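Peer 1: Take a look at this one; I'll ask things after.
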Amino acid sequence: MVEHNFLHVFLNTILAKREYVNMKNKMKKTITILPGDGIGKEVTQWGAAVLQTIGQVFDHEFTFQEAAIGHHAIEQYNNPLPDETIKACQEADAILLGAVGHPIYDNNPSLKVRPEQGLLKLRKTLGLYTNLRPIYIFDELQAASSLKAEVLKDVDILFFRELTSGIYFGAPRERSADRERAIDTLVYTKMEVERIARKAFKAAETRRGILHSIDKANVLESSRLWRETVQEVSKDFPKVKLNHMYVDNAAMQLIRDPRQFDVILTGNMFGDILTDEASQIVGSLGMLPSASVGDQVGLYEPIHGSAPDIAGKNIANPLATILSVALMLDIAFDLKKESQTVFDAVNTVLKNGFRTYDIADATTSENQILGTNEMGEQVIALIKETTAVPI
Ligand code: IPM
Ligand code: MG
């Protein structure tokens, strides 16, 4: 069995205490699915199918409800996050999101309401201040990365991106009447830095004990507060080696020598940028899952976007969403074995040589390149196969 590197991490220590789960009891959970835009529908369909299969083979009862977000919701309700969607999320035990975004909003200032506002409001409303993005290398995919194999081997990074503050949310945010001046505001409070820093340090304690805090403290006052606060929190975690790094240097170090990193703690916008960059260590955005957690229900989503250029063509990679489901099973439901089963199935599909277009390389033969649906089916078949009771 493959060690479940990206999930072995943090869970019981950093997340809210959960009720004791008797393994013999059927677990009943409601999952709200937010397909969103572009490839969101295709990939969440397979995330839900994997959950359904896990429910069947491990005898849990997963109930699904779907709600609208993003462009899809603007079209239907003229609102990227309708109240019904918020309610469906608050009532759920976990949320699975596809992606939001549509090209009609780019370069069109007359469209004031954007799909992304739905996701940002949802993160804020649910208090999802910690965004976990594991950067984990599947051995099989080394050729899909543009970095050399020796730079990649055993990379295992866990990003803690602050998700409900910073320049994404600060006020004022406005445009002058003559439209020639624009303001965004970068604000952090000590409390906001401290609460995510604690989670990151706790995770680092259970991993390799190294934490890099990324900021721009040579220029930004908010980064100086960030750095001071992280330093203060570090006193409670003497076993963790804390390094501060400027974001420009971090962007360079990530591709120069990604193995130096274990846990990376950073703010909202730096985290957005650095995690897209880090996806290329793995080879494709199509492989990276994420979990956004706070004090209430958590949201699980692939880190890729809505990819409108490939939507509806059955070529999107569903594995980031399926791996997000693995994170959900572990973090939200504390179902370790079930989570591991999903992770192992993904790993085996890759070992068996199957690829979607984004992760195919020169050695992939034509008949090993799978569409979204065929990749989803492969994962499900493997889950069934590996959990079948021998007769
Ligand atoms: C992400 C995305 C979002 C972000 C967009 C869609 C608002 O890029 O989750 O990384 O910038 O946070
Ligand atoms: Mg992003």
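Peer 1: Summarise the long-distance tail of P(r) for the chain by giving the % of C-alpha pairs beyond 30 Å.
Peer 2: For the chain, the fraction of Cα-Cα distances above 30 Å is 39 percent.
Peer 1: Using Cα pairs closer than 8 Å and at least 6 residues apart in sequence, work out the relative contact order for the chain, in percent.
Peer 2: Value for the chain: 21 percent.
Peer 1: Nearest 0.05, what FRET efficiency do Thr363 and Thr189 give at R0 = 45 Å with Cβ-Cβ as r? Numbers along the way, then the final one.
Peer 2: Values: r = 51 Å, r/R0 = 1.13.
Plugging the Cβ-Cβ distance into 1/(1 + (r/R0)^6) gives 0.35.
Peer 1: So for each of 175-181, 58-64, 282-288, 371-377 I average, over its residues, the number of other beta carbons within 10 Å; can you give me the resulting order with the highest mean first?
Peer 2: Details: 175-181: 8.1, 58-64: 15.0, 282-288: 23.6, 371-377: 18.6.
Highest mean packing first, the order is 282-288, 371-377, 58-64, 175-181.
Peer 1: How long, wide and thick is region 146-282, going by the Cα atoms along their three principal axes, in whole angstroms, largest first?
Peer 2: That gives 54, 39, 23 Å along the principal axes, largest extent first.
Peer 1: Could you give the dipole magnitude of the chain about its Cα centre, charging the beta-carbon of Lys and Arg +1 and that of Asp and Glu -1, in debye to the nearest 20?
Peer 2: 980 debye
Peer 1: Okay, next question. Taking 8 Å as the Cα distance limit and 6 or more residues as the minimum spacing, I'd like the relative contact order of region 146-282 as a percentage. The partial results should precede the final answer.
Peer 2: Details: 215 pairs, mean separation 51.5, N = 137.
Across region 146-282, relative contact order equals 38 percent.
Peer 1: Just for the Cα atoms in region 205-334, what are the lengths along the principal axes, largest first, rounded to whole Å?
Peer 2: Principal-axis extents of region 205-334 (Cα, largest first): 49, 34, 27 Å.
Peer 1: Can you tell me how much longer the chain between Asn314 and Thr386 gets when fully stretched, taken as 0.36 nm per residue apart minus their C-alpha distance, in nm with one decimal?
Peer 2: Residue separation times 0.36 nm, minus the Cα-Cα distance, leaves 23.3 nm.
Peer 1: Note down the accessible area of Ile310, probe 1.4 Å, to the nearest 10 Å².
Peer 2: 50 Å²
Peer 1: Got a number for carbon plus sulfur as a percent of region 146-282's accessible area, 1.4 Å probe? Each step should come with its number before you reach the end.
Peer 2: On the way: 3440 of 6480 Å².
Within region 146-282, the accessible surface is 53 percent carbon and sulfur.
Peer 1: Still on this structure, I have one more. Cross-link candidates for Lys216: which aspartates and glutamates have Cα within less than 14 Å, leaving aside residues fewer than 8 places away along the same chain?
Peer 2: Glu228, Asp248
Peer 1: So how do Tyr246, Tyr357, Tyr77 rank on accessible area, 1.4 Å probe, biggest first, that is with the largest at the start?
Peer 2: Highest to lowest solvent-accessible surface, that is Tyr357, Tyr77, Tyr246.
Peer 1: Assuming 0.36 nm per residue, please report the length gained on full extension of the stretch Glu66 to Glu150 beyond their Cα-Cα distance.
Peer 2: Length difference between fully extended and current span is 25.9 nm.
Peer 1: For region 328-376, what Kirkwood radius comes out of the mean inverse Cα-Cα distance, in Å?
Peer 2: Working: mean 1/r = 0.0832 Å⁻¹.
Hydrodynamic radius (Kirkwood, Cα only) of region 328-376 equals 12.0 Å.
Peer 1: Too long at a 21 Å Cα-Cα cut-off: which of Lys153/Lys235; Lys202/Lys351; Lys351/Lys384?
Peer 2: With Cα atoms farther than 21 Å apart: Lys153/Lys235; Lys202/Lys351.
Peer 1: In terms of Cα to Cα distance under 25 Å, which lysines are near enough to Lys121, apart from those fewer than 8 places away along the same chain?
Peer 2: Reachable lysines: Lys29, Lys41, Lys87, Lys112, Lys190, Lys199.
The values are calculated or read from the model by the stated rules, or taken from the named source; none is laboratory data. Since the model is a prediction, treat every value here as computed from it, not as a measurement. In this analysis, Cβ positions are derived from the backbone assuming ideal geometry, glycine residues included, and neighbour counts consider all displayed protein chains. SASA here: full protein model, heavy atoms, side chains in, ligands and nucleic acids out. Shrake-Rupley method; radii C 1.70, N 1.55, O 1.52, S 1.80 Å.
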